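Okay, structure first, notes after.
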Amino acid sequence: MKIIEATSSSPRIEYGEAGLSIKGESYPENSFVFYAPVFEWLAAELKSAPRFRLILDVSYMNSSSTKCVLDILDLLSEAAMRGCDARVTWLYEAENERSLDLAEEFKEDIDIPFEIIPVEAGPR
Amino acid sequence: MSLERRPGVVSPVQGRRELVAHLRARLEDRGEESLLDPREAEYRELAEAYLLLDERMAKLIAISDKYQGELREATKRMQHMARTDPLTNLSNRRDMLDCLDREVERFVRYEKDFSVIMFDIDDFKLVNDSYGHDAGDRVLKDLALVFLETLRRTDVCSRWGGEEFLVLCPETTSESARIVGEKCLMAMSAMQVATEAGPIGITLSGGVAAMQKGFDRDDLIKLADAKLYAAKAAGKKRIVD
């Protein structure tokens with residue numbers, strides 16, 4: 001399992017055989033550079049993975065991060081067409097309606113199973 | 001949209017970067033002589049228009065990212081300021097009220113014990129009157145540091161009002177909260193606050209209240225206030241629970 005630790009403007013990313021998880025806020029200065037290693041790994045992993053789980057728990061993302069996530073979803077769709085059991089789980093804080101809107105936009109765009117789950121804000 | 005109706009997905013050219021590279025290569029390959037073929041000329045025109053639009057879009061996204069980043073940082077700073085007391089950097093009353101509401105909800109749902117301690121600086125008016133308001137501010141700031149060093153990481157400390165501080169102790173019975181409060185009193189009595197008129201000693205009083213069934217947030221605060229009043233009446237420099 002590889003881990004990219006979160007910063008104030010970039011999310012924590014975990015990736016390995018089980019799948020890929022992105023958690024936090026995503027507005028790095030250059031999203032394409034930030035997501036490049038993840039993208040490269042994902043493209044290779046999806047060539048042979050029989051199943052793949054993507055967990056998105058992103059409370060805020062800028063335009064280019066949105067584009068990167070769309071690219072990731074496209075890779076998953078392609079893998080699904082080759083027979084990979086690819087699934088997406090989108091977690092969002094129940095009060096964060098913007099995050100729900102975004103999830104629904106993403107969900108419309110792809111045909112793989114996409115579940116949207118509200119999470120209660122925990123104690124601080 | 002079903003996958004069958006997305007021919008783009010199975011095209012040999014996938015994704016924006018590949019398409020851009022493909023178009024550039026093709027434009028270079030064919031060169032100027034391709035203009036003689038009207039279909040090729042039209043293709044060329046469209047490809048050039050696409051590449052131009054793609055470049056502009058990349059620029060717009062970069063500009064949009066820049067402003068979104070600045071806006072996000074500004075929003076975060078604003079949210080922090082809205083919940084922080086500027087003098088002591090502790091939570092302010094509004095933040096504490098939200099924390100209390102959340103803790104009350106947890107109590108109702110999971111029956112999780114919690115307590116609060118209402119602290120008040122003894123004879124703070126005398127400090128201000130005798131040493132000036134700067135000294136008073138120094139006392140408040142130093143006391144905030146004592147709280148931060150003495151309280152547990154899970155406790156939340158707020159500047160509730162002028163010289164009143166309300167501390168929320170999650171998962172804590174009134175006996176334990178009393179011990180936490182005594183530690184704060186001890187830590188404060190062990191230190192001197194530096195003022196222009198020389199070091200001065202400060203004492204605190206505190207009232208502890210534990211959450212109870214049937215209580216709402218305001219009942220709990222009222223009880224802590226009553227206990228604080230009892231501590232003052234009993235001679236200050238003490239915690240009453």
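Converting phi to 3J(HN,Hα) with the Karplus coefficients 6.51, -1.76 and 1.60 and the offset θ = phi - 60°, region B:60-70 yields 4, 5, 4, 5, 4, 4, 4, 5, 4, x, 5 Hz in sequence order, with x at every glycine or proline.
Summarise the long-distance tail of P(r) for region B:119-180 by giving the % of C-alpha pairs beyond 14 Å. When every Cα pair of region B:119-180 is considered, 59 percent fall beyond 14 Å. For each pair in B:Lys112/B:Lys222; A:Lys23/A:Lys47; A:Lys23/B:Lys59, compute the distance between the two Cα atoms and list the pairs where it is over 22 Å. Checking Cα-Cα distances, A:Lys23/A:Lys47; A:Lys23/B:Lys59 exceed 22 Å. Using +1 at the C-beta of Lys and Arg and -1 at the C-beta of Asp and Glu, which of A:Val58, A:Ala94, A:Ala6 has the Cα lying farthest in the positive direction of the dipole of chain A? Result: A:Ala6.
Nearest 0.05, what FRET efficiency do A:Ala43 and B:Lys232 give at R0 = 51 Å with Cβ-Cβ as r?
FRET efficiency, A:Ala43 to B:Lys232: 0.15.
Of A:Val33, A:Val88, A:Val58, the residue with the greatest mean-square motion in the GNM of chain A, using alpha carbon springs below 10 Å, is A:Val33.
Work out the mean other chain Cβ neighbour count within 10 Å for the residues of A:14-21 and drop it here as an integer. Mind showing how you got there, number by number?
Numbers: counts 0, 0, 0, 0, 0, 0, 0, 0.
Mean shielding by partner chains, rounded to a whole number: 0.
Which of B:Ser115, B:Ala21, B:Ala234 sits closest to the plus end of the dipole of chain B, meaning its Cα is farthest towards the positive end, when Lys and Arg get +1 and Asp and Glu get -1 on the C-beta? Projecting each Cα onto the dipole axis, the largest value belongs to B:Ala234. On a full-extension model of 0.36 nm per residue, what is the gain between B:Ala41 and B:Arg109, subtracting their alpha-carbon distance, rounded to one decimal in nm? That works out to 17.4 nm of additional length.
With the simple spin-label model, which puts each label point 7 Å out from Cα in the Cβ direction, the A:Val33 to B:Ser130 separation comes to 6.0 nm. With R₀ fixed at 25 Å, the C-beta to C-beta distance from A:Ala18 to A:Arg98 puts the FRET efficiency at about 0.30.
Backbone amide hydrogens, once placed in the peptide plane, bring A:Glu93 within less than 5 Å of A:Val119, excluding anything fewer than 5 places away on its chain. Across region A:82-94, coupling constants 3J(HN,Hα) worked out from phi with the 6.51/-1.76/1.60 Karplus curve, θ = phi - 60°, read 8, x, 6, 7, 9, 9, 10, 10, 10, 9, 8, 5, 3 Hz, and Gly and Pro carry x.
Put simply, the amide H of B:Asp241, placed in the peptide plane, has neighbours under 5 Å in B:Val208, leaving out anything fewer than 5 places away on its chain.
Each peptide in B:193-201, B:232-240, A:9-17 receives the mean, over its residues, of other Cβ atoms within 10 Å, and ordering these scores from highest gives A:9-17, B:232-240, B:193-201.
Read the figures in this text as sums done on the coordinates, not as results from a lab. Every value quoted in this text rests on a predicted model; they were computed, and no experiment measured them. Heads up, the Cβs are rebuilt from the backbone with ideal geometry, glycines too, and the neighbour counts pull from every protein chain shown.
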